[in-house]
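Report on the structure given below.
The values are calculated or read from the model by the stated rules, or taken from the named source; none is laboratory data. What you see is a predicted model, and the numbers here were worked out from it, not measured in a lab. Positions of Cβ are generated from backbone atoms using ideal geometry, with glycine treated the same way; all protein chains shown enter the neighbour counts.
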């Protein structure tokens, strides 16, 4: 199972995850966690510890935006992630870092799993999450 699918399954079950230091905190009814989801949480924990804070940053926007940022004041530009501002491995690389790209996938997938309809301007972006 990939991280977006795992978070969609968790969101669909009415459960949320938070990072607390090096720990994942489960909020909601733990009885809704299947054995498969529990084992995937253990397997993907290192990735989730990097992705979940970025995803939380993307969710602080007051409305869905097409270019979700995990940090409001990310400097972006060549050599920097335009979502969080972290440096890329190559000084001339441009775009999101791998963690923010994954967090953005999770952002749209979990919006869809929660039943949120996204409208920006006159465009319904719900299909992006499918």
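Of note:
- Residue tally, condition surrounded by 11 or more Cβ atoms within 10 Å (Cβ to Cβ), in a helix (DSSP H, G or I) and modelled with pLDDT of 90 or more, over segment 16-41: 6
- Within segment 57-96, the residues that satisfy the criterion of being within 22 Å of residue 17 (Cα to Cα), modelled with pLDDT of 80 or more and part of a loop (DSSP other than H, G, I, E, B) are 83, 84.
- So residue 13, is it surrounded by 15 or more Cβ atoms within 10 Å (Cβ to Cβ) and farther than 24 Å from residue 85 by Cα: yes
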